[in-house]
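Engineer: First the structure, which I've put down as structure tokens, then a few questions once you've had a look.
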Amino acid sequence: MKQAGIKKLYYSISEVSKITGLEQYVLRYWETEFEQLKPAKNRAGNRIYTNRDIKLILEVKRLLRDERYTIEGAKHVLKTFIPEGDANPQLELLSDAPMLAEQSAVRPNNGDSRVQTDLVEMKRFLEELLVRLT
């Protein structure tokens, strides 16, 4: 399990779903409707979201659910939307931490895939760091 103080560079669709309180199919649908929302994909073809993507999703959610914009209206508003810098604190999952512990206890055989996912994330972080340093 990851430490809460470490800021992640990339999030899976399931993590974004928990962070935003939206179903995964809603996130995939919004990708087709909002041109600004284009998460990258890893080698396995899984979506990887950045903090910027999550901020955009939260803004779309606010516009559609709270402000009651139509999708076309939200598209128009988002043309001028610029997410704040990534200096914000670590994004947190909406579900409770004990619930996450229970979920990981239910799937004891996923250690290998978890390690592989962590290694892919570390590799991407190091590659991005290298680009920034050069």
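The values are calculated or read from the model by the stated rules, or taken from the named source; none is laboratory data. The model shown is predicted, which means the values in this text are computed figures rather than measured ones. All Cβ positions, even for glycine, are placed from backbone atoms using ideal geometry, and neighbour counts span all protein chains on display.
Engineer: Is it the case that Glu31 is closer than 19 Å to Met122 by Cα and not in a loop (DSSP other than H, G, I, E, B)? Before you say what the answer is, go through the steps one by one.
Structural biologist: Numbers: closer than 19 Å to Met122 by Cα: no; not in a loop (DSSP other than H, G, I, E, B): yes.
In short, no.
Engineer: Quick one: what pairs do we get from the stretch 11-28, first residue under 18 Å from Thr117 (Cβ atoms), second of a type in the set (Lys, Arg) and surrounded by fewer than 18 Cβ atoms within 10 Å (Cβ to Cβ), C-beta under 9 Å, 6+ apart or different chains?
Structural biologist: Once the first residue is under 18 Å from Thr117 (Cβ atoms) and sits in the stretch 11-28, its partners that are of a type in the set (Lys, Arg) and surrounded by fewer than 18 Cβ atoms within 10 Å (Cβ to Cβ) give Ile13/Arg28; Glu15/Lys8.
Engineer: Without any contact (Cβ under 8 Å) to a residue 40 or more places away in the chain, closer than 19 Å to Leu126 by Cα and either buried (at least 18 other Cβ atoms within 10 Å of the Cβ) or in contact with a Ser or Thr (Cβ under 6 Å, 6 or more places away or on another chain) (or both), is that true of Tyr49? Break it down stepwise before answering.
Structural biologist: Numbers: without any contact (Cβ under 8 Å) to a residue 40 or more places away in the chain: yes; closer than 19 Å to Leu126 by Cα: yes; either buried (at least 18 other Cβ atoms within 10 Å of the Cβ) or in contact with a Ser or Thr (Cβ under 6 Å, 6 or more places away or on another chain) (or both): yes.
Here the answer is yes, as Tyr49 does meet what is asked.
Engineer: Any idea which of Tyr29, Tyr10, Tyr25 is in contact with a helix residue (DSSP H, G or I) (Cβ under 9 Å, 6 or more places away or on another chain) and either more than 26 Å from Glu128 (Cβ to Cβ) or of a type in the set (Ser, Thr, Tyr) (or both)? Break it down into steps so the answer makes sense when it comes.
Structural biologist: Details: Tyr29 fails: in contact with a helix residue (DSSP H, G or I) (Cβ under 9 Å, 6 or more places away or on another chain); Tyr25 fails: in contact with a helix residue (DSSP H, G or I) (Cβ under 9 Å, 6 or more places away or on another chain).
Residue meeting the stated conditions: Tyr10.
Engineer: Does Leu22 fit the bill of being in a helix (DSSP H, G or I) and modelled with pLDDT of 95 or more?
Structural biologist: Working: in a helix (DSSP H, G or I): no; modelled with pLDDT of 95 or more: yes.
Answer is no for this residue.
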